[in-house]
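Below is one structure, written out as structure tokens, with a few remarks after it.
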Amino acid sequence: MNRLSKILFLLVLISSFISCKEGKTIKEKPNQPNIIWLVAEDQSPEWFPMYGDSTISLPHLQSLSKDAVIFDNAYSPVPVCAPARSAIITGMYPTTLGTHNMRTFASWRGKENQPTIGIPGYSPIVPQGVRMFTEYLREDGYYCVNGPKEDYNFEKTDGAWDESSPKRHWRNREGDQAFFAVFNFSVCHESQIWKRGKDSLFVSPEEVNVPPYLPDNEIIRHDIAVNYSNLKRLDNQIGEVIAQLKEDGLYESSYIFFYGDHGGPFPRHKRALYETGTKVPMVIKFPAQEGAGTRDDRFMSFIDLAPSVLSLAGIKPPEVMQGVAQFGDFEIEKKPEELYFTSDRFDEKYDRLRAIRSKNLKYIYSYDTTISHAMRVSYREQMPMMQNLRFLYEKNELTPEQAQWLHPNKPEEELYNLEKDPYELVNLANNPEYAESLERFRSLLKSWIKETRDLGQYPEKELISKWLIEGEQPQLPSLELLEVKEEIELVSKQNDATIVWKSPKDSVWKVYKNPIPRDQIFQAKAERIGFLDSDILLYEPL
């Protein structure tokens, strides 16, 4: 063995040691559970029957909820989709990843992401060891499918999914292979409020409830009724998936998660750090309907989803994850006592806010009080409700509670007693009775920003200049080959890169886990979030 081969061999040993230490893979289990996610876009708990609303019947979700545990305190760390999805897929805060701005990676727009503010499309270079958590599942033998939406705020890795498309399905797997399947439903997305504004309504606008922070008029009621009608469409689509699970004999034995990807589609919901923007519906059906019909008030953040799923699959979550396993073999005893939320750029508009929620209190800190909570994000301005709010505000026809979100300025600090003021309308930041709580939140926020290395404190263009090389993503170095006996071992000089490979008969890249037989023809490459893939290595036996 020459000197280079010895060095590469040592790198393999070191990499193997790191993998064992971090618990990236655990021995394959004979009875791995199937796990299904049913994800609704842009929805708050307040409109669902399992959370006390009787405006509209959602029979499929209601039936699922009777078999499931209902979680009363599930939250997204960011009140908008792409940053939230980056947290879901990695178990990390977007502000630690560099995915906190909405949005960063947008291949469907080409290289121009936000041309009006000079921001190109890019993938942040995430911290050492961060991977899409489904790579661990695939390493452990799972069939992983997702669709039709990705939107992780970075370019996905090929090792993440066996399928990621509108046609994805567990039925495409081989035999009875364990699977993890994500079904994303966009019928209830914010855009559907105006795109389906003239479609049939399944609830009368006169029957809906109007919260006190919105005016009670025909336009507001109509948009709310459209959302309820979209939830009916959502329920029908979810019903189809549940029927297929039952048809395949998988319903009883599977974990089935239903949740929203952040708060509701309306103004003061999506993009807002209030409960309406961060709190989500979440029900989890456990195998054999364990805990059916019960409620759970623990704090659940999206950063906990990745480690929790790995734990349910018998895989120890890697130490780099900031979330914790809430269930499964590696469940932690001490559950989180506070939740943290962030808000930064939304499309073409910049702002920066941070928030903390404890059992009964919510604290919000604004870094620029001259920017309105109701930023004129052009996408949202298409909604009839948003246009109506602007019109009534200019005419001074809103109540103080309805107008405060639209004021041109906002408070530096906001503090709400959620038990007494669930709509967060009475700011207690200047109330002497809450001075001690205010100081505690200030201290918690300062510590959290330091501990999580919150990147929101740096200008986005400064971050991009550190990540990109002459405007391009850096590329991973080529893989190295080690010939050991009758096998081929693959090594990347980037020690936390994922190696993927495929033989001529494979249509999908597989996550490299074990040495490959020496007589096998294959292609391989290294990949990592924030980097271009290495050049493809083609191996052909002599």
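The values are calculated or read from the model by the stated rules, or taken from the named source; none is laboratory data. Because the structure is a prediction, the values reported are computed rather than measured. FYI the Cβ positions are ideal-geometry reconstructions off the backbone, even for glycines, and counts take in every protein chain you see.
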- [ ] For segment 230-261, name all the residues that are assigned to a helix (DSSP H, G or I) and more than 25 Å from the chain's Cα centre (by Cα).
- [x] Ala243, Gln244, Lys246, Glu247
TODO: Could you please find all residues in segment 85-95 being of a type outside the set (Ser, Thr, Tyr) and either touching a Pro at 6+ places or on another chain (Cβ under 7 Å) or more than 21 Å from Val320 (Cβ to Cβ) (or both)?
DONE: Ala87, Gly91, Pro94
- [ ] Take Ser204 and decide whether it is surrounded by fewer than 17 Cβ atoms within 10 Å (Cβ to Cβ) and under 25 Å from Tyr423 (Cα atoms).
- [x] yes
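Taking segment 516-542 only, how many residues are of a type outside the set (A, V, I, L, M, F, W, C) and surrounded by 14 or more Cβ atoms within 10 Å (Cβ to Cβ)? Don't jump to the end; show me each part of the working.
The first filter runs over segment 516-542 and keeps only residues of a type outside the set (A, V, I, L, M, F, W, C), leaving 517-520, 523, 525, 527-528, 530, 533-535, 539-541.
Now drop any that are not surrounded by 14 or more Cβ atoms within 10 Å (Cβ to Cβ), which leaves 518, 520, 523, 525, 527-528, 530, 533-534, 539.
Residues flagged as of a type outside the set (A, V, I, L, M, F, W, C) and surrounded by 14 or more Cβ atoms within 10 Å (Cβ to Cβ) within segment 516-542 amount to 10.
In segment 481-516, which residue that is acidic (Asp, Glu) and assigned to a loop (DSSP other than H, G, I, E, B) is farthest from Asp535 (Cα to Cα)?
As a first pass, look at segment 481-516 and keep what is acidic (Asp, Glu): 483, 486-487, 489, 496, 506.
Imposing the further condition that a residue be assigned to a loop (DSSP other than H, G, I, E, B) reduces the set to 486, 496, 506.
Numbers: Glu486: 25, Asp496: 17, Asp506: 19 Å.
Filtering first and then ranking leaves Glu486.
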- [ ] Quick one: Tyr512 ticks every box in (1) surrounded by 14 or more Cβ atoms within 10 Å (Cβ to Cβ); (2) farther than 18 Å from Leu137 by Cα; (3) without any contact (Cβ under 8 Å) to a residue 24 or more places away in the chain except a single one, so which number is it?
- [x] (2)
- [ ] For segment 90-115, name all the residues that are on the phi < 0 side of the Ramachandran plot and at pLDDT below 85.
- [x] Ala106, Ser107, Trp108, Arg109, Lys111, Glu112, Asn113, Gln114, Pro115
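Could you check, for segment 385-406, whether at least one of its residues is of a type in the set (D, E, K, R), modelled with pLDDT of 95 or more and under 28 Å from Met300 (Cβ atoms)?
First, the residues of segment 385-406 that are of a type in the set (D, E, K, R): 390, 394-395, 397, 401.
From the residues that got through so far, the ones that are modelled with pLDDT of 95 or more too are 390, 394-395, 397, 401.
Pick out the ones that are also under 28 Å from Met300 (Cβ atoms) and you get none.
No.
Take the residues in segment 236-273 that are charged (D, E, K, R) and crowded, with 20+ Cβ neighbours inside 10 Å; name whichever of them is farthest from Pro215 (Cα to Cα). Break it down into steps so the answer makes sense when it comes.
Pass one, segment 236-273, residues charged (D, E, K, R): 240, 246-248, 252, 261, 268, 270-271.
Add one more test, that the residue is crowded, with 20+ Cβ neighbours inside 10 Å, and what stays is 261, 268, 270-271.
Numbers: Asp261: 26, Arg268: 13, Lys270: 18, Arg271: 20 Å.
Out of the qualifying residues, it is Asp261.
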- [ ] Go through segment 439-478 and give me each residue that's acidic (Asp, Glu) and either touching a Leu at 6+ places or on another chain (Cβ under 8 Å) or loosely packed, with under 14 Cβ neighbours inside 10 Å (or both).
- [x] Glu439, Glu451, Glu462, Glu470, Glu472
TODO: Output yes when any residue across segment 324-341 is touching a Ser or Thr at 6+ places or on another chain (Cβ under 6 Å) and either within 17 Å of Ala84 (Cα to Cα) or modelled with pLDDT under 95 (or both), and no when none is.
DONE: yes
TODO: Would you mind telling me which numbered condition in (1) surrounded by fewer than 18 Cβ atoms within 10 Å (Cβ to Cβ); (2) polar (S, T, N, Q); (3) touching a His at 6+ places or on another chain (Cβ under 6 Å) Asn209 fails?
DONE: (3)
Open item on the list: So the check is Cβ under 9 Å with 6+ separation or different chains; which pairs have a first residue in segment 140-160 that's under 15 Å from Ala497 (Cβ atoms) and not assigned by TED's automatic domain parsing to the domain that holds Tyr93 and a second one that's assigned to a loop (DSSP other than H, G, I, E, B) and among the polar types (S, T, N, Q)?
Closed with: none
- [ ] Enumerate the strands (runs of 3 or more DSSP E) found wholly within segment 322-416, keeping only those where 1 or more residues are in contact with a Cys (Cβ under 8 Å, 6 or more places away or on another chain).
- [x] none
Open item on the list: Give all pairs with beta carbons closer than 9 Å in which a residue from segment 121-132 that is over 16 Å from Ser465 (Cα atoms) meets a residue that is aromatic (Phe, Trp, Tyr); count only pairs at least 6 apart in sequence or on separate chains.
Closed with: Met132/Tyr152; Met132/Trp161
TODO: Select from segment 488-509 the residues that are acidic (Asp, Glu) and in contact (Cβ under 8 Å) with a residue 60 or more places away in the chain and write down the one among them that is farthest from Pro474 (Cα to Cα).
DONE: Glu489
TODO: Could you check how many residues of segment 492-502 are crowded, with 19+ Cβ neighbours inside 10 Å and over 24 Å from Phe105 (Cβ atoms)?
DONE: 1
Open item on the list: Looking at (1) assigned to a loop (DSSP other than H, G, I, E, B); (2) surrounded by fewer than 20 Cβ atoms within 10 Å (Cβ to Cβ), which one does Thr116 not meet, given that it meets all the others?
Closed with: (1)
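The rows are residues; the columns are (1) surrounded by 17 or more Cβ atoms within 10 Å (Cβ to Cβ); (2) under 18 Å from the mean Cα position of the chain (by Cα); (3) among the acidic types (Asp, Glu); (4) under 24 Å from Val78 (Cβ atoms).
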position: Glu275; (1), (2), (3), (4): yes, yes, yes, yes
position: Thr278; (1), (2), (3), (4): yes, yes, no, yes
position: Lys285; (1), (2), (3), (4): yes, no, no, no
position: Gly314; (1), (2), (3), (4): yes, no, no, no
position: Asp344; (1), (2), (3), (4): yes, yes, yes, yes
Task: Gln128 vs. criteria surrounded by fewer than 22 Cβ atoms within 10 Å (Cβ to Cβ), under 29 Å from Leu234 (Cα atoms), at pLDDT 95 or above and polar (S, T, N, Q) - done: no
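For segment 417-455, give me the residue count where each residue is charged (D, E, K, R) and assigned to a loop (DSSP other than H, G, I, E, B).
Initially, segment 417-455 is screened for residues charged (D, E, K, R), giving 419-421, 424, 433, 436, 439-440, 442, 446, 450-451, 453-454.
Pick out the ones that are also assigned to a loop (DSSP other than H, G, I, E, B) and you get 419-421, 424, 453-454.
Looking only at that region, the number is 6.
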Task: Criterion violated by Gly277 - all others in (1) closer than 30 Å to Ala225 by Cβ; (2) in a helix (DSSP H, G or I); (3) touching a strand residue (DSSP E or B) at 6+ places or on another chain (Cβ under 7 Å) satisfied - done: (3)
- [ ] State all residues of segment 503-542 that are over 30 Å from Thr104 (Cα atoms) and in contact with an Asp or Glu (Cβ under 7 Å, 6 or more places away or on another chain); if no residue qualifies, say none.
- [x] Lys513, Pro515, Ile516, Pro517, Arg518, Ile521, Pro541
Task: Residue within segment 272-285 that is in contact with a helix residue (DSSP H, G or I) (Cβ under 6 Å, 6 or more places away or on another chain), outside the structural domain of Tyr416 (by TED's automatic domain parsing), under 29 Å from Tyr152 (Cβ atoms) and among the hydrophobic types (A, V, I, L, M, F, W, C) present - done: yes
